[in-house]
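One structure below.
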Amino acid sequence: MKARTRRVGMVAAAVVATVLLVAPPPAGAAEDTADRHQVKLEVLSSQADQVTGGDALVRVRPATARVTLNGADVTGTFKPDGTALLTGLRQGANELRAGNARLQLRNHPISGPVFSGPQQYPFVCRTEAEGLGQPLVDNQAGQGMRVYRVDAAGARTTELAGWSRDCAAPTVVDLLYRSTAGTFKPMPADGSRPADLTTTTTLDGRTVDYVVRRERGTINRFLYAISMLADESAWNQRVIYRFDGGVAIGHDQGRLAGGHLYHEGLSLGYAVLYSSGTRTNTHYNLVLGGETALMVKERFIERHGVPLYTVGVGASGGAIQQYVYGQNYGTRVIDAAIPQYSYPDMVTQVIHVGDCELLEHYMDVTDAANPKWADWEQRTRLIGMNASATVPNPYRGGQPGSDECVAGWRGLTPLSMNPKWQQPDPLWAQMDPPGVMLTVPWTHWDDLRNIYGIGPDGYARVAWDNVGVQYGLAALRDGFLTPAEFLDLNARVGSWKASGDMVQEGCPFVPQACADPAQFDPWSSRNMRLSADGGITPAPRSTGDRQAIRAAYESGLVFTGRIDIPVIDWRHYLEDQLNMHNSHQSFAARQRMRDRGTAGNQVIWFTDARPAVAFDQTPEALAVMDQWLGNIRQRPWLGVAWNRPAKAVDRCFDTAGKELAAGPRVWDGILDGRPAGACTARFPLYGTSRTVAGGPIEGGVFACDRQSVEAAVARGVYGTWRPGAAERARLKAIFPTGVCDYRH
């Protein structure tokens, strides 16, 4: 079975709510008569069945129509433009009527959920650390985070008031100003004008004091912030949703990082939306994250109206969210995307990242006597990613020699795969019942148990698979590996234990273990399934759970290329730093889009960062995106790709941000057989362990189709090597169900 880019059963994402006409005009009536009798109702702030928090911004046409909500006349709340913020919605179903139209609104709690499924417990609150005070008591049964009474002066006492499971906090609004030192500071409480207050000029050309109104609170249990210039008349009617990256396993409210005060947007008059729930350093459940983004945007529209557009900005996990939410929710979250340091998604990165330590352990330990692996640059032949003979390696005492698996990805295997490994936090001591945080199975798979499901062993189902994968195949074909080395590699590389069989990590992941040199295990080899007899019996491979793989696609966790909004995919070129944000990922996203039809709505920009990062191309991307979206508003019939302005093309830049080349052919040679384009030649790309094994650049193949060894030999899969009878027998022993066939 091959599971790669098929996606089934995604939730529909219509922007305007469906109106059910109770009494259509009689047949044969004049068209203008029908129009006069057709009243239209729509929800502007959300989808009608996804209203949250008891209020909704709605519109009626014509504006003079009489409107009732649950039978009560609310006509008086509507403005002359036909809009009204309806409040006091009851939980669940509500009926809005106007003339011959009715609209069913379904209201959900502001704490969620809407569609993401049962909420995760235990859940650590961080409202106090983020300046919102202790969380509100919502539980008296001794579960959640302890909440203490405060005295008349507002100081916390030692008297327990109760517990908070859902971490709600009152909404707080404050004013900040941009100082001449380039930082944000609180406005003086006495209303005086700070001596170091700066001014800013907005996108519309207005110069105003650079004072920001910041609203903070909790939505969907996460912290949120809505920031914009305090002089709301200076709002340029545009919104930036600032997404953030990182990697975490959930069970935590998260923090508001500095991105919520995004100077590059606020200074131009953009409103900036932010949530700890759309920060992958809090969790990587992108169904929950998408739900949170919809709720935060709903809150903004209800208070400030429908913006001209919303553009996403964010790096790494923040870039992933833009691709995934743009696919899953259309323009309901963002109208355009500026993903920085992108990957197409998170879950398909686990496929090859899960290979990293298996291959590093093979080169460092199993085959350590082979002099080929002492030359670190040759490790690219197996891992696909870049390697360097000069970059210091902290796991070798700082000696030179490292690669991207080590410098970029080490530590992600225990974090995402091992349920026994925790990273304790001081706030865990405030959780009841005591020790409850130690009972959490800390894996990516369990964080998304609502999606992947629970297997017969009681652990979350795991999608990772390496059955049939011929590691180092390209290195065999080009003569770097001998047939004997290729066979040994694949016989002894191994796989990962089942979740229930994993054990606690060693050094360096458990610092106290480092006192014993025997505990040094940066590869997590104690959790590998290796050959017990030196490779005579091949090490077993892991079979990914088909239900988990299917769920990854059906839930929209996998970016399959179905996105129809403008995308400017920008990154610094960081390959020489062995940075985890490897550059080929932009083209993996493009190929997935091409597989679905076209990638004309995506442009790719690289800025050189050799020897170091020196220039941010994002402000230019924002300016180009504003032109692009303006063209779409003026000429919607041309669609997205045909409305691109002159600078919305593939481009590359030097370290100072100066354009080196631009146009449709600059990236030739990456996804086609043409000679290398100007940018391709300047910025060489690398691959992954799975592209070395014959997989496609777009990745996304959790479990490959397989072919027999005989068929692979007949097809010339092994290049000039023609295995003899004994070698074929060995291949069949290593791959008893066949080898990967990536042709389909």
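Restricting to the stretch 442-474, give me the number of residues that are surrounded by fewer than 21 Cβ atoms within 10 Å (Cβ to Cβ) and farther than 20 Å from I549 by Cα.
So the answer is 1.
For the stretch 595-630, how many residues are closer than 30 Å to L412 by Cα, of a type in the set (D, E, K, R) and open to solvent by 20 Å² or more (accessible area, probe 1.4 Å)?
Total meeting the criteria: 3.
List the pairs whose first member sits in the stretch 157-185 and is free of Cβ contacts under 8 Å to residues at least 24 places away in the same chain, whose second member is open to solvent by 60 Å² or more (accessible area, probe 1.4 Å), and whose Cβ atoms are under 6 Å apart, counting only residues at least 6 apart or on separate chains?
Taking only residues 6 or more apart or on different chains, the pairs are T157/R149; T157/D151; E159/R149; S179/K185.
Would you confirm whether or not the stretch 270-282 contains a residue that is surrounded by fewer than 22 Cβ atoms within 10 Å (Cβ to Cβ) and of a type outside the set (V, I, T)?
Yes, there is a match, as at least one residue in the stretch 270-282 is surrounded by fewer than 22 Cβ atoms within 10 Å (Cβ to Cβ) and of a type outside the set (V, I, T).
Taking the stretch 224-245 as the search range and keeping residues that are open to solvent by 30 Å² or more (accessible area, probe 1.4 Å) and small (G, A, S), which one is farthest from G144 (Cα to Cα)? Step through it out loud before you land on a result.
From the stretch 224-245, those open to solvent by 30 Å² or more (accessible area, probe 1.4 Å) are 230-233, 237, 242; that's our starting set.
Cutting the leftovers down to small (G, A, S) gives us 230, 233.
Values: A230: 37, S233: 43 Å.
Among residues in the stretch 224-245 that are open to solvent by 30 Å² or more (accessible area, probe 1.4 Å) and small (G, A, S), the one farthest from G144 (Cα to Cα) is S233.
Among residues belonging to the stretch 606-640 that are part of a helix (DSSP H, G or I) and among the polar types (S, T, N, Q), point out the one that is nearest to D654 (Cα to Cα). Reasoning before the result, please.
Going through the stretch 606-640, the residues part of a helix (DSSP H, G or I) turn out to be 618-634, 636-638.
Checking which are among the polar types (S, T, N, Q) leaves us with 618, 627, 631, 634.
Numbers: T618: 14, Q627: 24, N631: 28, Q634: 33 Å.
It comes out as T618.
Do you know which of the residues in the stretch 554-583 that are open to solvent by 10 Å² or more (accessible area, probe 1.4 Å) and in a helix (DSSP H, G or I) is farthest from L286 (Cα to Cα)?
D576
Considering only residues that are touching a Gly at 6+ places or on another chain (Cβ under 7 Å) and polar (S, T, N, Q), look in the stretch 74-111 and name the one that is farthest from T171 (Cα to Cα).
Within the stretch 74-111, the match that is farthest from T171 (Cα to Cα) is N107.
Condition first: buried (at least 19 other Cβ atoms within 10 Å of the Cβ) and more than 14 Å from R477 (Cβ to Cβ). Now tell me which residues in the stretch 714-739 satisfy that.
R730, L731, I734, F735, G738
How many of the residues in the stretch 124-158 are small (G, A, S), touching a Ser or Thr at 6+ places or on another chain (Cβ under 9 Å) and open to solvent by 70 Å² or more (accessible area, probe 1.4 Å)? Full working, then the answer.
Step one: filter the stretch 124-158 for residues small (G, A, S), giving 129, 131, 133, 141-142, 144, 152-155.
From what's left, touching a Ser or Thr at 6+ places or on another chain (Cβ under 9 Å): 133, 144.
Imposing the further condition that a residue be open to solvent by 70 Å² or more (accessible area, probe 1.4 Å) reduces the set to none.
The total comes to 0.
Would it be correct to say that R651 is under 26 Å from A614 (Cα atoms), in contact (Cβ under 8 Å) with a residue 24 or more places away in the chain and open to solvent by 80 Å² or more (accessible area, probe 1.4 Å)?
Values: under 26 Å from A614 (Cα atoms): yes; in contact (Cβ under 8 Å) with a residue 24 or more places away in the chain: yes; open to solvent by 80 Å² or more (accessible area, probe 1.4 Å): no.
Considered against the rule, which asks whether it is under 26 Å from A614 (Cα atoms), in contact (Cβ under 8 Å) with a residue 24 or more places away in the chain and open to solvent by 80 Å² or more (accessible area, probe 1.4 Å), R651 comes out as no.
Looking at S416 and the list (1) part of a helix (DSSP H, G or I); (2) open to solvent by 30 Å² or more (accessible area, probe 1.4 Å), which single condition is not satisfied?
In the conditions (1) part of a helix (DSSP H, G or I); (2) open to solvent by 30 Å² or more (accessible area, probe 1.4 Å), S416 misses (2) alone.
Answer yes if at least one residue in the stretch 303-314 is assigned to a helix (DSSP H, G or I) and open to solvent by 20 Å² or more (accessible area, probe 1.4 Å), and no otherwise.
yes
Would a scan of the stretch 374-384 turn up a residue that is at negative phi and in a loop (DSSP other than H, G, I, E, B)?
For the stretch 374-384, residues at negative phi and in a loop (DSSP other than H, G, I, E, B): present.
Please name all residue pairs, on different chains or six or more residues apart, with Cβ atoms under 8 Å, provided the first residue is in the stretch 395-406 and is at pLDDT 95 or above and assigned to a strand (DSSP E or B) and the second residue is small (G, A, S) and crowded, with 19+ Cβ neighbours inside 10 Å.
From the stretch 395-406, the pairs are P400/S388; G401/S388; S402/A387; S402/S388; D403/A387; D403/S388.
Considering only residues of the stretch 688-744 that are of a type in the set (K, R) and not in a helix (DSSP H, G or I), which is farthest from the chain's Cα centre (by Cα)?
The residue in question is R722.
Residues are listed down the side, and each one gets a yes or a no for (1) over 28 Å from the mean Cα position of the chain (by Cα); (2) within 30 Å of A141 (Cβ to Cβ); (3) surrounded by fewer than 16 Cβ atoms within 10 Å (Cβ to Cβ); (4) not basic (K, R):
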residue: L160; (1), (2), (3), (4): yes, yes, yes, yes
residue: W163; (1), (2), (3), (4): yes, yes, no, yes
residue: L175; (1), (2), (3), (4): yes, no, yes, yes
residue: T200; (1), (2), (3), (4): yes, no, no, yes
residue: G205; (1), (2), (3), (4): yes, no, yes, yes
residue: Y210; (1), (2), (3), (4): yes, no, no, yes
residue: T218; (1), (2), (3), (4): no, yes, no, yes
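Can you tell which of S388, S416 is of a type outside the set (D, E), under 17 Å from M580 (Cα atoms) and under 21 Å from the mean Cα position of the chain (by Cα)? Steps first, answer last, please.
Values: S388 fails: under 21 Å from the mean Cα position of the chain (by Cα).
Checking each option against the conditions leaves just S416.
The values are calculated or read from the model by the stated rules, or taken from the named source; none is laboratory data. As the structure is a prediction and not an experimental result, all values here were calculated from the model. When we count neighbours, we look across all protein chains shown, and the Cβ atoms used for this are built from the backbone with ideal geometry, even at glycine. Side chains included, ligands, DNA and RNA excluded: accessible areas come from the protein's heavy atoms. Shrake-Rupley method; radii C 1.70, N 1.55, O 1.52, S 1.80 Å.
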